[in-house]
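Notes follow the structure.
The values are calculated or read from the model by the stated rules, or taken from the named source; none is laboratory data. Here the structure is a predicted model, which is why all the values come from computation and not from measurement. Using ideal geometry, Cβ is built from the backbone for each residue, glycine included, and neighbour counts are taken over all protein chains shown.
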Ligand code: DP6
């Protein structure tokens, strides 16, 4: 089954229970870094190709959602949003739009007032995409509220499939953040359980070395990027390389799956670096063309490759839709890699900034 029906009919709502609704739920959910990149989408947030990511740990969002039954006479704003304790009209608009697009999956939404408190563990200007952690945290909160008010989603697998499905509607990459270790999103005919609608856990059968991986995020530029991911996805529709790109991603997924299973670090690294550069090549060949890499991005890549060829240490780079470099390597090489970072790379980072992250255990419910 590739498609589960996540729709809930309003008749399933227990009116007396709804009128008593008064509670709160808190989830902490991490960011993720894609190994095979999602780039290009269609329809209702469906990916043009399958993707795989490492779930991270230190970069996360904590979201608390308070909910209260909204009486007919209530004039209160249906949603209030606090980001780091400040009301944020910009994020509120996004959340209002998001909530109105998921009413068919959560029929209680129109009957409740929500107060949302959200905080990121990473600084705003770290150039770290917060949509994956924030949208997954919010989706998890909504699924917990559904469980509470409707008694549904008792089954763990069903709970996380729906959380992933809802997170995807908020931001594609967010659907991969709800699982520990590794997650895969998008259909591939060689992966039976895979789905366009939600991500699936992908750590089973993966060589344990990958679950020890670290991600050193080298901050080349913390500014908000000049072209949003949303606009970037849209430009794929007229990119002449799009069809071969989608084919490349499908092939990479298969060869990466092999490497993950075998613990083949060299092949893993080759694919991951090729994915990062393909993503940026697509940006450069969009119409209009744009470039998100900075001179320091390229210099870091060059220094890494030359250090790697001298030391044979399996440390590889990947890039998001931005200039910052993610350096991925097994935990057993932490000392060597961190010395290399300090001696050769930090001078290329904005104010010498970097973040130590690592493959994590997935989201946790805090309250
Ligand atoms: C380059 O998930 O941010 O990070 O679905 O429009 O919210 P929307 O896009 P988004 O795109 C992420 C693209 C990427 C690759 C990836 O994470 O797979």
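What residue, among those in region 51-80 that are within 14 Å of the chain's Cα centre (by Cα) and more than 10 Å from the ligand (Cβ to nearest atom), is nearest to residue 280 (Cα to Cα)?
Per the stated criteria, the residue is 54.
Any residue in region 232-257 that's closer than 17 Å to residue 182 by Cα and modelled with pLDDT of 95 or more: show its pairings with residues that are away from the ligand (no atom under 16 Å from the Cβ) and part of a helix (DSSP H, G or I) at Cβ separation under 7 Å, as long as the two are six or more apart or on different chains.
Listed pairs, sorted by first residue: 255/267; 256/268.
Would you please list the contacts, defined by Cβ atoms under 6 Å and residues six or more apart or on different chains, that run from a residue in region 171-183 that is farther than 17 Å from residue 138 by Cβ to a residue that is more than 7 Å from the ligand (Cβ to nearest atom) and assigned to a helix (DSSP H, G or I)?
Cβ pairs passing all conditions: 181/211; 183/176.
Restricting attention to region 152-172, does a residue exist that is assigned to a loop (DSSP other than H, G, I, E, B) and either within 16 Å of the ligand (Cβ to nearest atom) or under 26 Å from residue 320 (Cβ atoms) (or both)?
yes
Considering only residues of region 115-135 that are more than 16 Å from the ligand (Cβ to nearest atom) and part of a helix (DSSP H, G or I), which is modelled with the lowest pLDDT?
125
How many residues are at pLDDT below 95 and assigned to a helix (DSSP H, G or I) if we restrict to region 294-321?
Of the residues in that region, 0 qualify.
Name the residue, out of 138, 112, that is closer than 20 Å to residue 89 by Cα, buried (at least 16 other Cβ atoms within 10 Å of the Cβ) and within 16 Å of the ligand (Cβ to nearest atom).
138
Can you say whether residue 341 is touching a strand residue (DSSP E or B) at 6+ places or on another chain (Cβ under 7 Å), modelled with pLDDT of 95 or more and under 21 Å from residue 122 (Cα atoms), as far as the supplied structure shows?
yes
Determine if region 185-195 includes at least one residue that is more than 16 Å from the ligand (Cβ to nearest atom) and in contact with a strand residue (DSSP E or B) (Cβ under 6 Å, 6 or more places away or on another chain).
Yes, region 185-195 has at least one match.
Filter region 36-46 down to residues that are near the ligand (Cβ under 9 Å from one of its atoms) and within 17 Å of residue 276 (Cα to Cα), then give me how many there are.
Within region 36-46, residues that are near the ligand (Cβ under 9 Å from one of its atoms) and within 17 Å of residue 276 (Cα to Cα) number 4.
Residue under question is residue 365, and the condition is that it be in contact with a strand residue (DSSP E or B) (Cβ under 9 Å, 6 or more places away or on another chain) and loosely packed, with under 13 Cβ neighbours inside 10 Å; does it hold?
Yes.
Against the conditions (1) within 17 Å of residue 33 (Cβ to Cβ); (2) within 13 Å of the ligand (Cβ to nearest atom); (3) at pLDDT 95 or above, where does residue 202 fall short? Just the number, please.
(2) is the only condition that residue 202 fails.
Is it the case that residue 288 is surrounded by 14 or more Cβ atoms within 10 Å (Cβ to Cβ), at pLDDT 95 or above and part of a loop (DSSP other than H, G, I, E, B)?
Judged against the criteria, residue 288 is not a match.
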